[in-house]
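To start, the structure under review is shown below, and the notes come after it.
The values are calculated or read from the model by the stated rules, or taken from the named source; none is laboratory data. Given the structure is predicted, the values throughout are model-derived calculations rather than measurements. Here the Cβ is made from the backbone with ideal geometry for all residues, glycine too, and neighbour counts use every protein chain on show. Side chains included, ligands, DNA and RNA excluded: accessible areas come from the protein's heavy atoms. Shrake-Rupley method; radii C 1.70, N 1.55, O 1.52, S 1.80 Å.
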Amino acid sequence: MEPVKNTFNEVFFEKLTETIAKNDSSFSKNLFLSKVWMDEWEGYELKERMHHVTKCLYETLPQEYESAIQILMSVAPDITFKFGFASMIFPNYVEMYGLDHWDISIKALEEFTKYSSSEFAVRPFIMKNKEQMMKTMTKWAKHENFHVRRLASEGCRPRLPWAMALPDFKKDPTLILPILKLLKDDPEEYVRRSVANNLNDISKDHSKLVLEITKRWLGKSKETDWVVKHALRTLLKAGDTGALLMFGFSDPKNIEVVGFQIHTKNIKIGDSLSFSFQLQKNKESEEKIRIEYAIYFMKSNGELTKKVFKISERVLTSNIEVINRNHSFKLITTRKYYPGMHKVAIIINGVKKSVGEFELVSE
């Protein structure tokens, strides 16, 4: 799989420089590219490349911020999401150089998010003046463009991955909640998913608050029910009683895991772990269950870190049911495997029921 950082490639730079030159007669393509392709380029990771390209734009566009932004706003519609992460150089320019030019920058972020995403770039503005910025984002939540509406939610997520943290919102998410209420029934799934992700972030610090909100929302529509379910995923995985009861899951004491077997006690990196177990009811009634397993992966320092994987949700009608599962240890870009003893646990309605060990070997 091609590394994401390679979205900054010759095709992208050719399109970018060609489009800038059409909008800025003083722009030097050769000077810009000579600054981009410096010796350290190959060693740069994704965000380092983005910041470097943005810096090169700053050094080759007009030094007056408003003039540079006007050029970039003319260029951005031609450098869209099809270029992936690379298109985020436009909001990144605002993040790096526009914090002291509030009005111009806010308009630019609103425009740029239509073609890439301003979710990272808006966060320093929230840090500078959260009340003013959240008023703007409340307006964005009513915008006709769904990318702008999504920005209203995604940009203020307290725990947005890869982004600057918002510690004030971790402590008190009050300013976020009116935006999420406005967007929970948005016609675009892309926007509703952001609402769910934002609530999921909040639930990690304010579980009771999120349970209160989602309980009011549940049952209003199929779309809002999906938002609620996705928003509570962390609480559901953690076996939070309030979250489980909201969706009618049974008391985990009514279900036992028996006959847990790991069929591949020693597996090579690239192969699959195979295991099976049986679910056994302690009552005659039907039981709604959420079946998951957790892999405790070995880290480079010899400690274990847990990741939970969902198997299914179902109503258990028979007294005994057999479950077979395989988990691939094929090499992927988002996880590095380390040889050593690992663990796998079976989780029913958030409660760990059985644990076993296996060894991962490099050869």
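For the reader, a short list of remarks on this structure follows.
- Scanning the stretch 96-135 for residues that are more than 15 Å from L166 (Cα to Cα) and acidic (D, E), we see that the one that is most open to solvent (accessible area, probe 1.4 Å) is D100.
- Some residue of the stretch 60-73 being open to solvent by 30 Å² or more (accessible area, probe 1.4 Å), over 14 Å from D24 (Cβ atoms), part of a helix (DSSP H, G or I) and touching a residue at least 12 places away in the same chain (Cβ under 8 Å): no
For (1) modelled with pLDDT under 90; (2) within 23 Å of the chain's Cα centre (by Cα), each residue gets a yes or a no:
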position	(1), (2)
A294	no, yes
F309	no, yes
V315	no, no
N324	no, no
H327	no, yes
L331	yes, yes
R335	yes, yes
V355	no, no
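- Positions within the stretch 246-257 being within 18 Å of K310 (Cα to Cα) and within 30 Å of the chain's Cα centre (by Cα), in sequence order: F247, G248, F249, S250, P252
- Scanning the stretch 241-254 for residues that are open to solvent by less than 40 Å² (accessible area, probe 1.4 Å) and more than 17 Å from V315 (Cβ to Cβ) gives G242, A243.
- Restricting attention to the stretch 273-291 and to residues that are surrounded by fewer than 19 Cβ atoms within 10 Å (Cβ to Cβ) and touching a strand residue (DSSP E or B) at 6+ places or on another chain (Cβ under 8 Å), the residue that is farthest from G356 (Cα to Cα) turns out to be E286.
- Of residues in the stretch 247-277 being out of contact with any Phe, Trp or Tyr (no Cβ under 9 Å at 6 or more places or on another chain) and assigned to a strand (DSSP E or B), the one farthest from V351 (Cα to Cα): S274
- Taking the stretch 146-237 and the helices (runs of 4 or more DSSP H) fully enclosed by it, the elements with 2 or more residues that are open to solvent by less than 70 Å² (accessible area, probe 1.4 Å) and within 20 Å of T136 (Cβ to Cβ) are at 146-154, 177-183, 189-203.
- For the stretch 48-59, a residue qualifies if it is open to solvent by less than 10 Å² (accessible area, probe 1.4 Å) and among the hydroxyl-bearing types (S, T, Y), and exactly one does: T54.
- When the residues of the stretch 214-230 are filtered to those that are of a type in the set (V, I, T) and touching a Leu at 6+ places or on another chain (Cβ under 7 Å), the one that is farthest from E313 (Cα to Cα) is T214.
- Filtered residues of the stretch 1-47 (kept if outside any helix (DSSP H, G or I), of a type outside the set (S, T, Y) and surrounded by fewer than 17 Cβ atoms within 10 Å (Cβ to Cβ)): M1, E2, P3, N9, W37, M38, D39, E40, E45
- Exclusive hit being closer than 27 Å to L232 by Cβ, open to solvent by 10 Å² or more (accessible area, probe 1.4 Å) and among the β-branched types (V, I, T), set V344, V322, V315: V315
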